[in-house]
Every structure is written in C-alpha cells, then in structure tokens.
Amino acid sequence: MFAEVVVDIVHSKLSRSFTYAVPEDMHLAIGMRVSVPFNRNQLYGIVVGLSESCDLEASKIKSIHRVLEDYPAILPQLIVLARQMADEAHCPIAETLRLMLPPEMRRAKIQIKQENVAKLQIAPEDIAAWLAKYGVSRKKGILLNLLSDAEEHAVSELSDYVNSPLESLKQMDRDGVITLYKREVFRLPYEDADLEIVPDPPLMEQQKQALQIIEEDSKAGSKAFLIHGVTGSGKTEVYIRLVKKALKEGKGVIILVPEISLTPQMVRWFRERFAGNAAVLHSRLNAGEKYDEWRRIRLSQARVVIGARSAIFAPVENLGLIVVDEEHETTYQSDRHPQYDARHIAKLRVKNEGGIYVLSSATPSIKSFAMALHGNLTLIEMPKRVMDRPLPSVSVVDMRKELQSGNRSMFSSLLLAKMRMHLENKNQVILFLNRRGHSTFISCRNCGYVMQCDNCDISMTYHMAGYGEKESLKCHVCGNTKAIPLACPSCSSRYIRYFGGGTQKVQEELLKFFPDVKIVRMDLDTTSSKNAHAEILESFRNGNAQVLIGTQMITKGLDFPNVTLVGVIAADITLNLPDYRAPERTFQLITQVAGRAGRASQAGEVIIQTYKPEHNVIVDASKQDFRAFFTKELERRKKSFYPPYTQIVRLLLEGKDKQSVYNICSAMRAQIREHLAKYPTEKKRLINFHMDEAPVKRINNKHRYQILLKMFVHSDAEPFKAFLEQLSRTGYEDIHILYEVDPNNMM
C-alpha cells in the first residue's frame, strides 16, 4: 500500500503530495496525520490519497514513520475544500490544509487533560458482605456507598463528600473492590453551573413563515437563504428551530457570529437549548480549550458549533446547516494569506456536503441583498419585532446648532435630558462611539505639531490611566506606546492640547454629569483579557452597571431587556472615511446599535448626534429604512463603477526601504501594462488602474505603495486576475506583496 502525503511545508516548489510506503501493520485512512521522513527531518503531513501500486522505484520510496492519531484529523470533504481553496488562492494545498486544524495541534504542544476516576469492581449487592468481612473504615464505607451505582465517579467529585479520598481509593483498588484509573476530560470554555434547559417559546407568525419557506424551498432544491429581519424580530429563534430539525435528522450545524463579544451570549442561548451538544471555537480560547472543543466536534460529541470566522472549517460530519449571523460584517473576510471569505466557504461546504446555508442580518450587505433580489438567494423578510413591539423612536440632533448655542460637551442637551429620565426610571443606556481611547490626537497650539507614531504615518491616540493601562500615547495601527510629552518635541512649547474624543473621554465626561452612575466600557482596551467580553456583558446584564459605552463591538446582536435608550455620539466618524463602503458601514452601525433599544416590554428611544443631519445615510438610518438606503446606494455605485458592478483588485507592497518599494511597484506596473498590451481581451474588462502611495504611507516602519485596479466582473477578467495574483508571488528580498480582491480595508 502507498500513501500520498502533503507535507506541512508551505513553498511554491513543494505544492504537491509525496508518495510514501505504508508499513504492513499500519492502519491508514485518508485525512490522517502522519510523521514522515523528509530530507533529513521528521515532519508531519496529511494523507490525501491511498493506492495499491506506485510507478516509482522501490529504492526511492521511504516509509511512513508513524500515525499521530487513530482517526482522520481532517475529514475527506475538508480535503476537497482545501484543494478548492488552494486553486482559488493559487497557493500550495499545505497552506489551506493548515486552516482545517487547531494551530496548537500542528505544533504538537497540547497535553491531553486527564482526571482520576473510580468505579466499583464487585457487584453492588456484594458491598455489604465485603464490608462485614473486612471491617473497613467509615471513610471507605462512604466511598463504597457513593460508588454503589456502578458508574464512573471522578475523584474530585468524591472529594465533595469525603476529605482526601485518594489514598483510601488506592487501597481499595489494591484490594480489588474498586478500580482506579485515569480518564480523559475535555476542557470546556463555558461552564455555567446554573444553566438550565429552556423550553421552546411559542413562535410568531413571521417566524413560522420563515421556517416554512426554508423547509419548502430546500425540498425544491434551494440551498441558500437570506433572512432580512429588523433588530429584535426573532431571527435567533429561527436558527434554533432549524438546528433542532437538523439534529433530529442526524446532521451537524455551524453557527457563525462576527464578533467574539457575541459568542458568549450566543453560546449561552444554544446551551440552554442543546446542553453539551454545543461547542465553541474562536481565537480567545486558550490552546487546551481550543484543542478539546475541536476534538469534541471531530468525535461527534458536539454537533452544534458556534464560533467566529475560522469555525467554518470545523470538522462537522454530515453537515446539514450553516448559519451566518450578521452576514454584513467585514470580519468574515480574512486578510491573511490564504485569504478567504467565510460566507463563500459556507457556500462551498454546502455545495460539497449538502444541506443549506442561511445568511441573516437586519442590515444585509449591498452585495447579498442584490443577489437575493436577482434570485441567487431566497429572500425571507421579517419586518416586525417579537410580540409586535415597536421599533425605537429616533431623534436626530444637529451638533452644529448645539455648538452655536454654546454647548461644547460631547453630549447634546437632548441626550443628557433623556439619559437623566431613563436612568431615573431604573432603565439602562448604551452610548456608542466608534473610536477608542481618550483623545484622537495631541497637538501643539504654538507650532501645530501633531504627536505621531515613530513607526507609522499616523497620529497617536491619548489613553488615560485605567483598566491596567498607564497614561500614554498609543498607536492604534502597530500598538506602539509613548509617554505623554511635557513639552512640544518640535518647538519646546508647553502649550499642548488634546483634540477629538474616544470612548475613554465619553466615560470621563459622563461622570461629570452623572457622578453616581455605574459605567462599564467595552472596546479593545477593556477586552484584552480572555473572559473580558463575557464579564463586561454579564455585569451590564445583571444590572451592576447602568450605562454601557462601547465601539462597534456593542452594536450588533446583543439583547439587553432593560436598555431603553441608545445614544450615537458621533454618527459622522465612519461616514468620512476614504472608502466607497463608508455609507454602507455607517448605515449598518447606526441601525444595528439603534436596535439595542426597546427589545422588551418598554419602548425604546435613540438619539443620533451628527454634523450632517441632512445626509441621506443619516436620514435613512434614523427611519431604519433599509430599502430606501439600498436603492440609493446601489444607484450611486452603479454610476461610479463600484462593487457589486465591478471588482477592485489591489497589489499592496510594504518594505523598510522606501525607494526599493517604489522601484518594485513601478516595475510591476510596467509588467501589468505589457500584459494588457499582449492580451487585449483582458484589457477590455479593465476600467482603470493606477499606482500611488497607500493612504497610510507607513506602518511599523514599513513604507507602503499600492497598485489599484478596477475591472468589470466577467469571465474574461479571470486570467488577468490570475496573472496579478502570480505577480504578487514574485519573490523580492525584504518586500512583502499582498494581493487583495475587494479589500476590507482600503487604508
């Protein structure tokens, strides 16, 4: 027997499998991890094929050294997926196979956790006779009574009833009355001692209709659905019923959420309905938890997987359903090589393995909604909130008028008045500002110098002391920190002033108006520790805080029944970004955070503060009118040749020597021109392309140049894109080249 093995080395010259002989006494299956000799090293690889014959000379074939697990670590259908991704990304399959395994598993640094377990060895009815014959101690008698059900009992569990039981158990093990051994135990990231199974609530009519459409259309052959439901419309309950149906049919499920902050809440909801059948995968788990959750899924001990982007590669057998919650979020797209979009991978998995996938959002992406209107997705509308609760009332405040009236604070007079009223009524408030830190930048009033990062072409943000941080200037791109200068580094003046504001400043200013109110803040600075997301949200849910201040991580999916007021501090921040998607993202953020208010029996209110109240995005968001916004935005993109009517491709070059980066970028531009002159059919699909410095010219002491190309979506453009991707893989010393299609971040 011979095996084709993909060795875990990512190199363009090794982008294939290698043939190894299988020892006669070795059991092997496709997808198993094996240790193989490669040159002079022992490396691990994945078995991707088996055959009974081989054309190579026997003297040239080495044998597999050993099998690393007694089961296939990568399912055959995931090997198929890895091949598809490698073809699309023009990269070695070894690189895409890595996505299918926990990184810690590849490094072989995970220890299996074990615990001591005791079990009765004699018949339960013989216990009394044994006790009478040997006259054992009271402690042993209690232990035997606890073990009389003939089930396994962890020693840690027995110690709740008997102090230090291990020595007594060892003696009884030697006597043959019990057996003491070690059992593998899985590390569970979310253990809720008070968790109770919750019964199914009654369904609303629109939830029933959504489920009926999915059931009927899937029987007719439809595989892809888009649920467009307003915030609070009960979309999650639709997912749960779909999961129940899939499990009943013996199928597995993947539920994707865009933010780690949403995971604890979603996990709790699903564990309340499916108990230990729900597993979780995301980057904040420690190495042991991630490995054990992966193994629970692989061994089919957990059939429901909840997680962020990478959970799309979970080893779920007999996959029946994939749900992508808040599908509009850009976090589903990975910028690291090999780049992938979890929504696209969901589509591939369903196509390969069967089942259906459901995209869902109150504010679908322009691309997804356009696909639904063209029939590529089955559109399901859920326009009402649960129990027919009204959407929150929205007021838009013109901050220009506030400034004219002498109000220089971050809060309009209306927002302060409404906060006072809602807090006095014992309700909770959410304040949203999509900028962390205290002040946006520090500038010298004498010479105009702005404190910038030494490593990046960007101003540094002022952070106050708190949450384990020292007072400092911080770069939000590379993470570099500096001490606060006492004098201007340029002119030595002491006239230094703080400009702009972030979530820290909102918290500081708010305490001046409401000194006795308990406030929690949720942004990247307060959620760096492992369980910080869950702890902050649980504190707010339990009423230990009356106000939650946060960035975009608080805008979606969160359900707090006592929140009746939401304030959007500066609605213009994302609207002014130099990105064609700025209007879309602004509309999504405002609409999503507004949806956190009034989700229970009490009506909700939203205050939007802006310097552009007349802007169509602000107007449509205040009305929560997605259709109106979608129509205008799609027309704008059509006129300006933006996606989904076109594709934007970027070659981004980074290097420490600015002249070298510029020279190579110029050379690549010349190669592109030569290629287009040679292939005029491909040139017809190109709208324009140009070379320039990236908007952020330097990050982490690396200078950045880019080539931007805009082209029509057409099959004729695919060879050109393949050429560009191959061009990006040209090796240049000390210069990194990134190939991006419709990049998430244009900066």
Next item on the list: Hand me the GluC sites (Glu not before Pro) from region 678-747 located in a DSSP loop with no more than 14 other Cβ atoms within 10 Å, in residue order please.
Entry: E733
Margin query: Once R0 is set to 30 Å, what does the formula 1/(1 + (r/R0)^6) return for the Cβ-Cβ distance between E52 and L14, expressed as a FRET efficiency to the nearest 0.05?
Written below: 0.75
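Roughly speaking, to the nearest percent, how much of region 592-738's 1.4 Å accessible area is carbon and sulfur? Walk me through the numbers on the way to the answer.
Numbers: 3450 of 7090 Å².
Ligands and nucleic acids excluded, carbon and sulfur give 49 percent.
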Check: In the neighborhood of H714, defined by Cβ-to-Cβ distances under 14 Å, what is the net charge if each Lys or Arg adds +1 and each Asp or Glu adds -1?
Finding: +2
Check: When Rg and Dmax of the Cα atoms in Å is calculated directly from the model, which label among (i) 29.7, 98; (ii) 35.3, 118; (iii) 26.3, 83 fits?
Finding: (i)
Margin query: What distance in nm separates the two pseudo spin-label positions at A667 and A582, each 7 Å out from Cα along the beta-carbon direction?
Written below: 3.6 nm
Next item on the list: Give, in nm to one decimal, the length gained when the segment between K223 and A287 is fully stretched (0.36 nm per residue of separation minus the Cα-Cα distance).
Entry: 19.6 nm
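Can you tell me the FRET efficiency between F723 and K697 if r is taken as the Cβ-Cβ distance and R0 is 35 Å, rounded to the nearest 0.05? Walk me through the intermediate numbers first.
Numbers: r = 27 Å, r/R0 = 0.77.
With a Förster radius of 35 Å, E is 0.80.
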Notebook entry, point to check: How high is the relative contact order of the chain, in percent, counting Cα pairs under 8 Å that sit 6 or more residues apart?
Noted result: 10 percent
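Could you pull out the trypsin sites (Lys or Arg not before Pro) across region 624-733 that fall in loop regions by DSSP (anything but H, G, I, E, B) with no more than 16 other Cβ atoms inside 10 Å?
Working: sites: R627, K632, R636, R637, K638, K639, R650, K656, K658, R669, R673, K678, K683, K684, R685, K697, R698, K702, R704, K710, K721, R729; in loops: K656, K684, R685, R729.
Here the trypsin sites (Lys or Arg not before Pro) that fit, given the DSSP loop and packing criteria, are K656, K684, R729.
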Checklist line | Cys residues of the chain counted as unpaired, since no other Cys beta-carbon is under 4.7 Å | finding: C54, C91, C478, C665
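So for region 1-128: antiparallel DSSP bridges make up what percent, rounded to the nearest 5?
Working: 18 of 19 bridges.
That works out to approximately 95 percent antiparallel.
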Margin query: Run the simple label-point estimate for A275 and R66 please: 7 Å along Cα→C-beta, distance reported in nm.
Written below: 3.8 nm
Item checked: R0 of 35 Å, Cβ-Cβ distance D625-K248: FRET efficiency to nearest 0.05 -> 0.35
Item checked: Percent carbon-and-sulfur accessible area, region 96-165, ignoring ligands, DNA and RNA, probe 1.4 Å -> 45 percent
Check: How many angstrom lie between the C-alpha centres of region 100-133 and region 555-574?
Finding: 48 Å
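Beta carbons within 10 angstrom, averaged per residue: use that to sort the peptides 288-299, 478-489, highest first. Please list the in-between numbers first.
On the way: 288-299: 21.6, 478-489: 13.7.
Result, highest mean first: 288-299, 478-489.
Using a 1.4 angstrom probe on the protein heavy atoms only, could you order T363, T681 from most to least accessible area? Provide the component values of the computation, followed by the final result.
Numbers: T363 0, T681 75 Å².
Result, largest first: T681, T363.
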Item checked: Distance between modelled label sites at D454 and R497, nm, 7 Å Cα→Cβ extension -> 2.8 nm
Check: Taking a label point 7 Å from the Cα of V198 along the Cα→Cβ vector, which residues of region 551-577 have an amide N closer than 12 Å to it?
Finding: 559-561
Next item on the list: Check region 386-514 and count each lysine pair with an alpha-carbon distance under 26 angstrom, considering only pairs eight or more places apart or from different chains.
Entry: 15
Next item on the list: Report the antiparallel proportion of the DSSP beta bridges in the chain as a percent, rounded to a multiple of 5.
Entry: 55 percent
Item checked: DSSP-assigned coil residues among chymotrypsin sites (Phe, Trp or Tyr not before Pro) in region 462-530, each with at most 11 further Cβ atoms within 10 Å -> none
Item checked: Where the Cα pairs of region 114-255 fall when distances are cut into 5 Å bins, in % -> 2, 7, 13, 13, 10, 6, 6, 7, 7, 8, 7, 6, 4, 2, 0
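How much length is gained if the chain between M1 and S601 is pulled fully straight, taking 0.36 nm per residue apart and subtracting their Cα-Cα distance, in nm to one decimal? Walk me through the numbers before you get to the answer.
Working: separation 600, 0.36 × 600 = 216.00 nm, distance 6.74 nm.
Full extension from M1 to S601 adds 209.3 nm.
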Next item on the list: Find the accessible area per residue for region 478-591; the probe is 1.4 Å, ligands and nucleic acids are left out, and the unit is Å².
Entry: 40 Å²
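The values are calculated or read from the model by the stated rules, or taken from the named source; none is laboratory data. Not measured: the values here are computed from a predicted model. No Cβ is skipped: glycine too gets one built from the backbone with ideal geometry, and neighbour counts run over all protein chains shown. Protein only, heavy atoms only, side chains kept; ligands, DNA and RNA dropped before computing areas. Shrake-Rupley method; radii C 1.70, N 1.55, O 1.52, S 1.80 Å.
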